[in-house]
Amino acid sequence: MSESQPPTGPSATGGSAPSPSPLLASDPPRIGDFWLDARVLATPAGVTFIGHDDADTPVLLILLSEGAAADAAARDRLSGEVNHLHAETVVARGGQGQDQGRLGHLFRSEDDDPRGPAQLPLAPWVALVNDGSPAAPAEALRILQAVDLSMTREIGSPSGPGYRLYWADRHDAGTSRTWPLPWPGRGDHAGWSSVGIAWLLIVMIAALGLLIAVLLFQNVPPSPPPPPGPTSASGSGGGSGSPSSGSPSSGSGSPSSSGSQPQSPSPSASGSPTNPTPTTPPTMQSPGASGSSGTATPTPTTNTKL
């Protein structure tokens, strides 16, 4: 792919695009601002993933392997290949040694993320546009083969032992850092089918709970109403009660010295007796009104000495 032409053309593998495979346990869930969805291809130089960012932009992300990321010459070869790509092909780039060159302005720094005391430098990576055609993974394969020199022609006549990169066996994914942490779940968007199924389950659980509550309380007998409280009319008799016979007061229980008889109280309209009014007010010479025996109080003796 040249600088003046976008990534089009036949696949370098001579066939259709490779089928994606699931991520391995050693693969990071996220690199930079891109979530990884599946593997596309892997070589001793690195791994190519299918990914997307928060805006759902599909990309092909190339991440150098552990051995290639530790080799300065391999990092330079990746940087040179990326700088020769068309500007519309590269979405972003990051990692060690990828902030220079013609497309250095696409570098995304991760220096603001927390780092451990012995944190290794981040492995170089580049995100390419994924248009779904076989040419996109073919271009990613060409870049990885340029890094590990597997497609480089030999100069002169081969003689002596064969040449092999010393880091060819260290083909695990290079060092990456994910921040913020994806636990307990991924932060990317779920599909509409997953969201719809989740809401359907919530509605079904709510309806089941409502049905159980109705079945539990539909046969409960209604509680009886409280008894009516007494009113003022019924408490005082309201004129309906039979009048009780009046009883004389304690002060009129015994006849007085004058022989006057106490008057019997007349019942009131409400049925309650009233206290009789004495005809003669009690005096010191007359029997007490407090219910005494009725005998006269003796006259005090006059002191003649005074």
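Checked against the criterion of being open to solvent by 50 Å² or more (accessible area, probe 1.4 Å), in a loop (DSSP other than H, G, I, E, B), out of contact with any Gly (no Cβ under 7 Å at 6 or more places or on another chain) and at pLDDT 85 or above, the range 109-126 contains not a single residue that satisfies it.
The set of residues in the range 74-88 that are farther than 23 Å from PRO121 by Cα and surrounded by fewer than 20 Cβ atoms within 10 Å (Cβ to Cβ) comprises HIS84, HIS86, ALA87, GLU88. I'd like the full set of residues that are at pLDDT 90 or above and open to solvent by 70 Å² or more (accessible area, probe 1.4 Å), limited to the range 127-163. Residue satisfying the conditions is ARG142 alone.
Kindly evaluate ASP71 against the criterion of being of a type outside the set (S, T, N, Q), under 16 Å from GLY174 (Cα atoms) and open to solvent by 30 Å² or more (accessible area, probe 1.4 Å). No: the conditions fail for ASP71.
If you check ALA207 against the conditions, is it modelled with pLDDT of 85 or more and open to solvent by less than 70 Å² (accessible area, probe 1.4 Å)? When the stated conditions are applied, ALA207 passes them. Taken over the range 34-61, residues that are open to solvent by 20 Å² or more (accessible area, probe 1.4 Å) and over 10 Å from ALA127 (Cα atoms) amount to 11.
Is it the case that ASP76 is in contact with a strand residue (DSSP E or B) (Cβ under 7 Å, 6 or more places away or on another chain), among the acidic types (Asp, Glu) and not in a loop (DSSP other than H, G, I, E, B)? So ASP76 does not fit the description; no.
The values are calculated or read from the model by the stated rules, or taken from the named source; none is laboratory data. Only a predicted model underlies this, so the values are computations on that prediction, with no experimental measurement involved. All Cβ positions, glycine included, derive from the backbone under ideal geometry; neighbour counts span all protein chains shown. Accessible surface areas use protein heavy atoms only, side chains included; no ligands, DNA or RNA. Shrake-Rupley method; radii C 1.70, N 1.55, O 1.52, S 1.80 Å.
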